[in-house]
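Colleague: This is the structure I have questions about; it appears just below.
The values are calculated or read from the model by the stated rules, or taken from the named source; none is laboratory data. It should be emphasised that the depicted structure is a prediction, and the values quoted were computed from it without experimental measurement. Don't worry about glycine lacking a Cβ; one is built from the backbone with ideal geometry, like all the others, and counts go over all protein chains shown. With ligands, DNA and RNA removed, areas are computed over all heavy atoms of the protein, side chains included. Shrake-Rupley method; radii C 1.70, N 1.55, O 1.52, S 1.80 Å.
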Amino acid sequence: DTGVSQNPRHKITKRGQNVTFRCDPISEHNRLYWYRQTLGQGPEFLTYFQNEAQLEKSRLLSDRFSAERPKGSFSTLEIQRTEQGDSAMYLCASSLEGGSNQPQHFGDGTRLSIL
Amino acid sequence: AQKITQTQPGMFVQEKEAVTLDCTYDTSDQSYGLFWYKQPSSGEMIFLIYQGSYDEQNATEGRYSLNFQKARKSANLVISASQLGDSAMYFCAMRGPPRGKLIFGQGTELSVKP
């Protein structure tokens, strides 16, 4: 059983650069979520997709952030013109569609460090 | 608005003893789901247990059980027979409308002592 896969595991970049992360969900899951987690905090929701449709975006997702899931399988999260405050762990999760009882299964995350 | 509160930043427990991690929630929804996740120092979030708002019995999964008190809006996690490998951050989360995103608490860091 292949879990949620995220790449890269770590990303170090200079302020102002663009970065892109990739998430491959569990194959039969049609829902995909992105969260951001800063040190000492719980994850905060960023956005989610059902198949290729982006159904909800958080206010946290500024214009510099964009997420895609073009074929309803893998997803990418891009951050343009990175800022110091973007340093965080970016977590991807996937789940089956259904009621509130469907657990979300998380990947190992991508840790972003802005120099 | 939905909110999850975990009031214990850190907890210590002796190996083989039971421990309760507190979680209270706030929602105006009648139908919702409550989840507990474990996050070891390596970073991955591991799903532990789920409780539905209409479930009449408390959920159990192996050594994990959820003490669900709907009137008090609490969903405490009980870990029986603690093991050293249980040392981790534990997050309580709620499925908010429209049944998509999870709303997390700030977490409790559990340390199991030998």
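Colleague: Scan (1) of a type in the set (S, T, N, Q); (2) farther than 27 Å from A:Glu56 by Cα; (3) assigned to a loop (DSSP other than H, G, I, E, B) for the single condition B:Ser28 breaks and write down its number.
Modeller: (2)
Colleague: Could you look through the stretch B:13-33, keep only residues that are farther than 27 Å from A:Gly98 by Cβ and out of contact with any strand residue (DSSP E or B) (no Cβ under 8 Å at 6 or more places or on another chain), and pick out the one that is farthest from the other protein chains (Cβ to nearest Cβ)?
Modeller: Per the stated criteria, the residue is B:Lys16.
Colleague: Considering only strands (runs of 3 or more DSSP E) fully contained in the stretch A:74-115, which possess at least 1 residues that are open to solvent by less than 20 Å² (accessible area, probe 1.4 Å) and modelled with pLDDT under 95? Lay out the reasoning, then the answer.
Modeller: Values: elements: A:75-79, A:88-95, A:110-114.
Output list reads A:88-95.
Colleague: Then there's this: How many residues, within the stretch A:4-29, are closer than 14 Å to A:Cys92 by Cβ and open to solvent by less than 40 Å² (accessible area, probe 1.4 Å)?
Modeller: The total comes to 7.
Colleague: Yes or no: the stretch A:37-56 includes at least one residue that is open to solvent by less than 30 Å² (accessible area, probe 1.4 Å), of a type in the set (Phe, Trp, Tyr) and within 9 Å of chain B (Cβ to nearest Cβ). Show your work before the answer.
Modeller: So in the stretch A:37-56, the residues open to solvent by less than 30 Å² (accessible area, probe 1.4 Å) come out as A:37, A:42-43, A:45-49.
Still in the list and also of a type in the set (Phe, Trp, Tyr): A:45, A:48-49.
Keeping just the survivors that are within 9 Å of chain B (Cβ to nearest Cβ) gives A:45, A:48.
Within the stretch A:37-56, one or more residues are open to solvent by less than 30 Å² (accessible area, probe 1.4 Å), of a type in the set (Phe, Trp, Tyr) and within 9 Å of chain B (Cβ to nearest Cβ).
Colleague: Moving on. Being farther than 25 Å from B:Ser41 by Cα and in a loop (DSSP other than H, G, I, E, B) is the filter here, so list the residues in the stretch A:30-52 that pass it.
Modeller: A:Asn30, A:Asn51, A:Glu52
Colleague: Under 20 Å from B:Trp36 (Cα atoms) and in a strand (DSSP E or B), is that true of A:Leu55? Give the steps one after another, and end with the answer.
Modeller: Numbers: under 20 Å from B:Trp36 (Cα atoms): no; in a strand (DSSP E or B): yes.
So A:Leu55 does not fit the description; no.
Colleague: So which strands (runs of 3 or more DSSP E) are wholly in the stretch B:34-114 and hold at least 1 residues that are within 14 Å of chain A (Cβ to nearest Cβ) and within 19 Å of B:Thr7 (Cα to Cα)? First the steps, then the outcome.
Modeller: On the way: elements: B:46-52, B:64-69, B:74-79, B:88-95, B:102-104, B:108-113.
Output list reads B:64-69, B:74-79, B:88-95, B:102-104, B:108-113.
Colleague: Where residues in the stretch A:58-73 are part of a strand (DSSP E or B) and farther than 15 Å from B:Gly100 by Cβ, which of them is most open to solvent (accessible area, probe 1.4 Å)?
Modeller: Step one: list which residues in the stretch A:58-73 are part of a strand (DSSP E or B), which gives A:65-68.
After this cut, where a residue has to be farther than 15 Å from B:Gly100 by Cβ as well, the list is A:65-66, A:68.
Working: A:Phe65: 12, A:Ser66: 52, A:Glu68: 111 Å².
In this case the residue turns out to be A:Glu68.
Colleague: Regarding the stretch A:24-45, can at least one residue be identified that is under 15 Å from the mean Cα position of the chain (by Cα) and without any contact (Cβ under 8 Å) to a residue 12 or more places away in the chain?
Modeller: For the stretch A:24-45, residues under 15 Å from the mean Cα position of the chain (by Cα) and without any contact (Cβ under 8 Å) to a residue 12 or more places away in the chain: present.
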